[in-house]
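S.K.: Please read through the structure below; I'll follow up with questions.
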Amino acid sequence: MVRHVLSAFGALVMISTLHVDFPPIDKLPAHKDLPDPLVMLDGKRVATKAQWAKERRPELKKLFQHYMYGEFPPPVKVTAKVEHEDPKALGGKATLRDITLTLGGKHKVQLLLVIPNNRSGPAPVFVGLNFAGNHTVLDHPGIRVPTSWMYGNRKGVKNNRATEGGRGSQIDTWAVADIIDRGFALATVYSGDIEPDRADVREGVQAAFDQGKRPEAWGTIAAWAWGIHRILDYLVTLPEVDAARMIVVGHSRLGKTALLAGALDERIAVVMPHQAGMGGTAPSRGTVGESIKRINTSFPHWFNGNYKLFNDAPEKLPFDQHCLVALCAPRPVLFTNAQEDTWANPDGQFEVLRAADPVYRLLGAGGLEAKSRPKLDTLTDGALGYWIRAGKHSMTREDWQIFVDYAAKHAKK
Ligand code: GCU
């Protein structure tokens, strides 16, 4: 279906369910505040669930890819090989598997899957990328050490490669024993196995499934999120895992990734970006903490070329991050934060949820139940959830208690 409409910026544009015109930035209208998520790019108001599903949602998906994260390539075939299995891991409580996934016949990643043994049916599963290798998440000899490029400042890393020295060094960051005790499985991959986090992109999926040097081509956050989608392709084939209860979680840059993955893939039941901040859960128009210009300067590879056009003009973005949250609707989304982590703008993140709320209400999914930002340690656990604790930028066992509580409430059978 193609319609001709007069756009907000005066030009005649064609809009169809399959096609979105992407105006150059000087033709985009300025929005000082967060733009209304229920108004289309051409100015038309979205009043029904059907309009949201058929028009606005597809439009937003395309706008985010075009102006910010870059284009997601189509799915590729995923094959799996179990390299090691321990049916009595964690003192007999869990089955642990170290698996190689091969994406599109050419790119390999190592997946760690831990499934609770004490369960009456398929287990809900947390899916998330880690920063330092699967071998850091649990002290278990069956988990391989990654061979891809790694951050130099992680325990046991020498010349940007992981070593045995890091084994078990992130046990509290992932709290696997607690996750298993509460009846959840965990699927995790080292982010660098999908795409190493460096400006000189050459070892990961961006090179393997090359989109050329176009301003719309995918950045590293999109590459990581696409990698999560491929992990899901495999998980949904497993009888031990409940495909209707897949919860995506991630910290910081990997929290930005979790939110993007959730926004673009409706198989994800619950979305939990932790301290994700700028480019994730914080408003791009925010004035606290990191700015678009700063993130694009420090991490030029995370977003696409077009996003840099907004460095000095955030008001020109045709969306803000509340629209990414809205793409998750009606599925539950939890933002979690730490008081001292002002770089991630915890207050601005609450405003992002508030601005996504009308879309949840339109879809009859509840929304944000708190009127103002909750106090420390007070979980507001509606379909749009928020929690903030004391302390710094980190992911801890305490955070996992909240993740699991929220997931137990919202990822129902
Ligand atoms: C930097 C960056 C943030 C990011 C964080 C992280 O602080 O500026 O945007 O979230 O790293 O990933 O830890």
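S.K.: Ordered by packing density, taken as the mean number of other Cβ atoms within 10 Å over each peptide's residues, highest first, how do 195-201, 43-49 rank? Provide the component values of the computation, followed by the final result.
M.R.: Details: 195-201: 17.6, 43-49: 13.4.
Top of the packing list down: 195-201, 43-49.
S.K.: Could I ask something else about it? Count the net charge of all other residues whose Cβ sits under 12 Å from the Cβ of Gln51, scoring Lys and Arg as +1 and Asp and Glu as -1.
M.R.: Residues near Gln51 contribute +4 overall.
S.K.: For Glu83, what charge total do you get from the other residues with a beta carbon under 14 Å from its beta carbon, if Lys and Arg give +1 and Asp and Glu give -1?
M.R.: 0
S.K.: Shifting gears a bit: In deg cm²/dmol, rounded to 500, what helix-only [θ] at 222 nm does the chain give when every DSSP H run of at least 4 residues adds -39500 (n - 2.57) and the total is split over its residues? Please report the intermediate quantities before stating the final value.
M.R.: Details: 13 runs with 108 residues, N = 413.
That comes out to -7000 deg cm²/dmol.
S.K.: Output wanted: per-residue J couplings in Hz (rounded whole) for the range 137-148, from phi through Karplus 6.51 cos²θ - 1.76 cosθ + 1.60, θ = phi - 60°, x for Gly and Pro.
M.R.: 6, 9, 8, 9, x, x, 8, 5, 7, x, 10, 6
S.K.: So, one more: Given the pairs Lys256/Lys392; Lys54/Lys77; Lys308/Lys392; Lys61/Lys409; Lys81/Lys412, which span a C-alpha to C-alpha distance of over 26 angstrom in this model?
M.R.: Over 26 Å apart, Cα to Cα: Lys54/Lys77; Lys308/Lys392; Lys61/Lys409; Lys81/Lys412.
S.K.: Here's a follow-up. Determine the sum of side-chain charges near Phe299: Lys and Arg each +1, Asp and Glu each -1, restricted to other residues whose C-beta is under 15 angstrom from that of Phe299.
M.R.: Taking every other residue near Phe299 into account, the sum is +2.
S.K.: If you don't mind, another one. Rounded to a whole number, what % of the accessible area of the range 290-413 do carbon and sulfur atoms account for, probe 1.4 Å? Mind showing how you got there, number by number?
M.R.: Details: 2530 of 4710 Å².
Solvent-exposed carbon and sulfur of the range 290-413 make up 54 percent of the total.
S.K.: Could you check which residue among His140, His251, His19 shows the biggest mean-square fluctuation in a GNM of the chain with a 10 Å Cα cutoff?
M.R.: Its mean-square fluctuation being the largest, the pick is His19.
S.K.: Here's another thing I want to ask about it. Run the simple label-point estimate for Asp200 and Asp312 please: 7 Å along Cα→C-beta, distance reported in nm.
M.R.: Taking the simple label geometry, Asp200 and Asp312 are separated by 3.0 nm.
S.K.: Quick check on the chain: of the DSSP beta bridges with both residues there, what percent are antiparallel, nearest 5%? Each step should come with its number before you reach the end.
M.R.: Values: 32 of 57 bridges.
So the antiparallel bridges amount to about 55 percent of the total.
S.K.: Okay, next question. Averaged per residue, what accessible surface does the chain expose to a 1.4 Å probe, in Å²?
M.R.: 38
S.K.: Now for a different question. Taking the chain as the reference, fit the longest principal axis to its C-alpha atoms, fit the long axis of helix 397-410 to the helix C-alpha atoms, and give the angle between the two in degrees, 0 to 90, nearest 10.
M.R.: 60
S.K.: What would the Debye equation give as log₁₀ I(q)/I(0) for the chain at q = 0.06, 0.10 Å⁻¹, counting only Cα atoms as equal point scatterers?
M.R.: -0.22, -0.64
S.K.: Related question: Given a Förster radius of 22 Å and the C-beta distance between Ala47 and Ile25 as r, what FRET efficiency does 1/(1 + (r/R0)^6) yield to the nearest 0.05?
M.R.: The calculated FRET efficiency here is 0.15.
S.K.: What are the aspartates and glutamates whose alpha-carbon lies under 13 Å from the alpha-carbon of Lys375, with same-chain residues fewer than 8 places away excluded?
M.R.: Cross-link targets: Asp347.
S.K.: Mind listing the long-range amide H neighbours of Gly385? Cut-off is under 5 Å, sequence gap 5 or more, other chains count too, H placed in the peptide plane at 1.01 Å from N.
M.R.: Result for Gly385 returns Val333, Leu334, Phe335.
S.K.: Give the peptides 86-98, 52-64 in descending order of average Cβ contacts within 10 Å, highest first.
M.R.: Ranking, from highest mean packing down: 52-64, 86-98.
S.K.: Can you give me the convex hull volume of the Cα atoms of the range 317-394, divided per residue and expressed in Å³?
M.R.: Here the figure is 87 Å³ per residue.
S.K.: Ordered by residue, what ³J(HN,Hα) values in Hz, to whole numbers, does the range 215-226 give under the Karplus form 6.51 cos²θ - 1.76 cosθ + 1.60, where θ = phi - 60° and Gly and Pro are x?
M.R.: x, 8, 4, 5, x, 5, 5, 5, 4, 4, 5, 4
S.K.: Can you give me the P(r) profile for the range 177-235? Cα pairs, bins 10 angstrom wide beginning at 0, each as a whole percent.
M.R.: Answer for the range 177-235: a P(r) of 20, 44, 22, 11, 3 percent.
S.K.: Now, a different point. I'd like the Karplus ³J(HN,Hα) series for the range 274-288: coefficients 6.51, -1.76, 1.60, θ = phi - 60°, whole numbers in Hz, and an x wherever there's a Gly or Pro.
M.R.: 9, 6, 7, x, 3, x, x, 9, 8, x, 5, 7, x, 10, 10
The values are calculated or read from the model by the stated rules, or taken from the named source; none is laboratory data. Keep in mind that this is a model prediction, so the values were computed, not measured. FYI the Cβ positions are ideal-geometry reconstructions off the backbone, even for glycines, and counts take in every protein chain you see. In case anyone asks, the SASA skips ligands and DNA or RNA and just uses the protein heavy atoms, side chains included. Shrake-Rupley method; radii C 1.70, N 1.55, O 1.52, S 1.80 Å.
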